[in-house]
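Reviewing the structure listed below.
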Amino acid sequence: MLGKILVRKFSTKTIKYKITETEAYCGEEDLACHASKGKTSRTKVMYKTGGVIYVYLVYGMHWMLNIVAANKDQPEAVLIRGLEKSDGPGKVGKELKIDKSFYGEDLTKSRRLWVEEPVVKEKFKIKKAKRIGVDYAGKWSNKPWRFILSKP
DNA sequence: TCACGGATTCGT
DNA sequence: CGAATCCGTGAT
């Protein structure tokens with residue numbers, strides 16, 4: 001996902017931003033992953049085949065944009081933490097005007113949100129780091145599953 | 001129906 | 001570093 005272009009189409013304009021920071025959430029075992037609570041009405045979309053959107057509200061105010069990443073019945077998702085113009089996942093949701101209506105939307109069919117290959121492919125390095133805000137997840141909080149786009 | 005708490009942000 | 005913020009979730 002890193003380095004790809006996220007496209008958001010509105011009725012009046014279309015915006016495109018490069019994805020600069022992501023985090024991975026991997027399966028029911030991963031205590032930081034919402035799917036660790038099992039398949040519920042909230043997490044069920046993560047059990048779908050990759051390519052659909054998982055959105056949810058945190059702290060009663062921020063919409064988090066995630067892309068389901070793995071195979072059917074394998075609940076894994078990638079959180080879009082940062083775009084070239086927005087640092088922080090809450091700001092990403094705000095910038096792209098993400099809300100509950102995107103829940104389960106198929107990125108390959110959507111006419112308002114999808115991912116493209118960058119026009120000009122630039123070389124970059126991927127920095128790894130611990131995930132943010134998941135200290136409650138015990139050893140899982142130390143997994144280097146946060147990925148940051150950086151200069152080569 | 002309701003109590004609980006969080007994949008954050010912003011200000012100090 | 002700490003408080004704000006408050007809806008949705010998951011269980012009852």
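Going by what's in this entry, would A:ILE126 be described as β-branched (Val, Ile, Thr), assigned to a strand (DSSP E or B) and either under 24 Å from A:LYS39 (Cα atoms) or touching a Ser or Thr at 6+ places or on another chain (Cβ under 9 Å) (or both)? Talk me through it step by step, then tell me what you get.
Values: β-branched (Val, Ile, Thr): yes; assigned to a strand (DSSP E or B): yes; either under 24 Å from A:LYS39 (Cα atoms) or touching a Ser or Thr at 6+ places or on another chain (Cβ under 9 Å) (or both): yes.
Against the criterion (β-branched (Val, Ile, Thr), assigned to a strand (DSSP E or B) and either under 24 Å from A:LYS39 (Cα atoms) or touching a Ser or Thr at 6+ places or on another chain (Cβ under 9 Å) (or both)), A:ILE126 qualifies.
So for segment A:114-124 (the condition being over 19 Å from A:GLY27 (Cα atoms), surrounded by 12 or more Cβ atoms within 10 Å (Cβ to Cβ), in contact (Cβ under 8 Å) with a residue 24 or more places away in the chain and of a type in the set (Lys, Arg)), does at least one residue qualify? Outline the logic, then answer.
Quick first cut of segment A:114-124, residues over 19 Å from A:GLY27 (Cα atoms) only: A:114-124.
After this cut, where a residue has to be surrounded by 12 or more Cβ atoms within 10 Å (Cβ to Cβ) as well, the list is A:114-115, A:118, A:124.
If we keep only those that are in contact (Cβ under 8 Å) with a residue 24 or more places away in the chain too, we end up with A:114-115, A:118, A:124.
Now restrict to residues that are of a type in the set (Lys, Arg): none.
Within segment A:114-124, none of the residues are over 19 Å from A:GLY27 (Cα atoms), surrounded by 12 or more Cβ atoms within 10 Å (Cβ to Cβ), in contact (Cβ under 8 Å) with a residue 24 or more places away in the chain and of a type in the set (Lys, Arg).
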Check whether at least one residue in segment A:108-122 is within 12 Å of DNA strand C (Cβ to nearest atom) and in a loop (DSSP other than H, G, I, E, B), and report yes or no. no
Hey, A:ALA69 within 16 Å of DNA strand C (Cβ to nearest atom) and within 19 Å of A:ARG146 (Cβ to Cβ) or not: no
Could you grab the pairs with beta carbons closer than 7 Å, sequence gap of 6+ or different chains, first residue in segment A:100-111 and within 7 Å of A:ILE53 (Cβ to Cβ), second one within 16 Å of DNA strand B (Cβ to nearest atom) and part of a loop (DSSP other than H, G, I, E, B)? A:LEU107/A:GLY51
Any idea which residue in segment A:134-152 is surrounded by the most Cβ atoms within 10 Å (Cβ to Cβ), counting only those that are modelled with pLDDT of 95 or more and part of a loop (DSSP other than H, G, I, E, B)? A:TRP145
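Just to check your reading of the model, which residue among A:PHE10, A:PHE102 is away from DNA strand B (no atom under 12 Å from the Cβ) and under 13 Å from the mean Cα position of the chain (by Cα)? Steps first, please.
Numbers: A:PHE10 fails: under 13 Å from the mean Cα position of the chain (by Cα).
Step by step, each of A:PHE10, A:PHE102 is checked, and only A:PHE102 is away from DNA strand B (no atom under 12 Å from the Cβ) and under 13 Å from the mean Cα position of the chain (by Cα).
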Does A:THR12 meet the test of being closer than 28 Å to A:VAL119 by Cβ, away from DNA strand C (no atom under 16 Å from the Cβ), without any contact (Cβ under 8 Å) to a residue 40 or more places away in the chain and not aliphatic (A, V, I, L, M)? yes
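The values are calculated or read from the model by the stated rules, or taken from the named source; none is laboratory data. Fair warning: this is a prediction, and the values are worked out from it, not measured in the lab. Note: ideal-geometry Cβ built from the backbone for every residue, glycine included; neighbour counts use all protein chains shown.
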